[in-house]
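Contents: one structure, followed by commentary.
The values are calculated or read from the model by the stated rules, or taken from the named source; none is laboratory data. What you are looking at is a predicted structure, and each value in this text was computed from that prediction instead of being measured. Glycine also receives a Cβ, built like all others from the backbone with ideal geometry; neighbour counts cover every protein chain displayed. Ligands, DNA and RNA are stripped out before the accessible areas are found, and what is left, the full protein with its side chains, is counted by its heavy atoms. Shrake-Rupley method; radii C 1.70, N 1.55, O 1.52, S 1.80 Å.
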Amino acid sequence: MKTYLRHKILNVVDVKELIALEYLDFEGKYKDYAENHDFWEVCYVECGEIVLALEDEKQKLTSGQIMVITPGKKHSYYSESGNRSKVFVICFESFSHTLKPLGEMLFSLKEEQQDCIQKIISECFKTFRMNEDDHLEVVSSPNFGGQQAILLQLEYLLICLLRQLSTEEHSGIVFLSEEKFYSDLVDVVKDFFTKNIGKKLTLNDICGKFNYSRSFICKTFKEQTGETLFTCFNRMKIEEAKRLLKHTDLSSARIAESLGFKEVKYFDAIFKKQLGVSPTTYRKQNKIINKRRDFNELS
């Protein structure tokens with residue numbers, strides 16, 4: 001008998017709730033009120049052009065373009081062109097940390113992506129309406145499966161945008177493969193540490209690079225390695241310091257600076273904690289060892 005194995009699906013984008021689906025048809029000059037809410041918002045310009053005022057910056061969106069607005073960002077739409085504009089707005093809740101790179105990024109949708117959002121619009125008219133209180137409610141006799149169809153199309157659209165972003169040159173965005181996920185995470189974090197050994201990284205720097213929450217990345221790294229992120233990073237810095245002390249004449253202060261330590265005393269303290277001796281003593285010990293080795297080789 002053939003054996004079938006179950007595979008748990010990894011949801012990289014998970015939309016929890018739909019909050020608003022609005023199809024806005026503007027003609028002439030207009031300006032709406034500024035909003036600031038705790039959920040995601042997608043703004044798609046079907047035709048015409050609008051200006052998105054986001055915090056202290058302004059961004060023009062034209063036909064076929066889309067922008068994803070991060071929760072907590074104050075924003076408003078306006079137009080001074082006098083031309084007709086059609087805008088579709090989707091508000092939704094999601095706790096997927098993979099969405100973070102999409103925030104405030106402007107995309108020109110490809111044909112497949114435009115088809116995806118047109119399907120959302122089509123399903124929207126047959127499934128929901130915004131009532132007088134601007135709340136989303138189901139219409140009478142809604143399209144069968146319409147709510148799920150909207151959600152699936154929206155998740156697929158967001159995945160397409162993330163794929164597009166991650167394949168763009170110099171994007172700096174990293175998405176891990178599903179296979180060996182946790183060990184891959186540790187490996188790429190350590191590689192990131194190696195490439196930035198001379199910098200003073202923050203937790204936000206690390207989380208922003210790999211698109212995972214602070215709690216998740218800290219917990220996963222500790223479970224996989226037995227040490228915290230910065231214990232590991234400092235250990236790697238000290239390994240590099242040992243190499244420099246052995247093979248260069250750089251002073252301890254210069255080495256500390258090159259490894260991102262602002263204070264030499266802090267560098268000395270970490271070095272001594274890990275090796276039991278100060279950088280100066282370590283260098284002297286290695287010089288003695290090297291002299292003995294040279295003497296033995298000559299004799």
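In this structure, does A269 turn out to be more than 30 Å from S96 (Cβ to Cβ), in contact with a Phe, Trp or Tyr (Cβ under 7 Å, 6 or more places away or on another chain), at pLDDT 90 or above and among the aliphatic types (A, V, I, L, M)? Reasoning before the result, please.
Details: more than 30 Å from S96 (Cβ to Cβ): yes; in contact with a Phe, Trp or Tyr (Cβ under 7 Å, 6 or more places away or on another chain): no; at pLDDT 90 or above: yes; among the aliphatic types (A, V, I, L, M): yes.
Taking the combined requirement at face value, the residue does not satisfy it.
Restricting to region 107-136, count the residues that are of a type outside the set (G, A, S) and open to solvent by 60 Å² or more (accessible area, probe 1.4 Å). Quick ask: steps written out before the conclusion?
We begin by selecting, within region 107-136, every residue of a type outside the set (G, A, S); these are 107, 109-121, 123-136.
Narrowing the set further to residues that are open to solvent by 60 Å² or more (accessible area, probe 1.4 Å) leaves 110-112, 114-115, 118-119, 125-126, 129, 132-135.
Number of matching residues: 14.
Residues considered: V138, V89. Of these, the only one that is modelled with pLDDT of 90 or more and under 22 Å from E46 (Cβ atoms) is V89. Is at least one residue of region 149-169 open to solvent by 40 Å² or more (accessible area, probe 1.4 Å) and at pLDDT below 75? Checking region 149-169: at least one residue is open to solvent by 40 Å² or more (accessible area, probe 1.4 Å) and at pLDDT below 75. Of all residue pairs spaced 6 or more apart or on separate chains, those with beta-carbon atoms under 9 Å, a first member in region 98-126 that is without any contact (Cβ under 8 Å) to a residue 40 or more places away in the chain and closer than 22 Å to F39 by Cα and a second member that is open to solvent by 80 Å² or more (accessible area, probe 1.4 Å) and part of a helix (DSSP H, G or I) are E123/Q147.
If you take the residues of region 194-214 that are under 17 Å from the mean Cα position of the chain (by Cα) and surrounded by 15 or more Cβ atoms within 10 Å (Cβ to Cβ), which of them is nearest to F261 (Cα to Cα)? Walk me through it before giving the result.
Narrowing region 194-214 to residues under 17 Å from the mean Cα position of the chain (by Cα): 201-214.
With surrounded by 15 or more Cβ atoms within 10 Å (Cβ to Cβ) added as a condition, the list becomes 201, 206-207, 209-212.
Working: L201: 11, I206: 18, C207: 21, K209: 21, F210: 24, N211: 26, Y212: 26 Å.
Among those that are under 17 Å from the mean Cα position of the chain (by Cα) and surrounded by 15 or more Cβ atoms within 10 Å (Cβ to Cβ), it is L201.
Here S94 meets each of (1) open to solvent by less than 30 Å² (accessible area, probe 1.4 Å); (2) more than 26 Å from S215 (Cα to Cα) with one exception, condition (2). The residues of region 245-289 that are under 23 Å from F193 (Cα atoms), hydrophobic (A, V, I, L, M, F, W, C) and not in a helix (DSSP H, G or I), listed by number, are L250, L259, F261.
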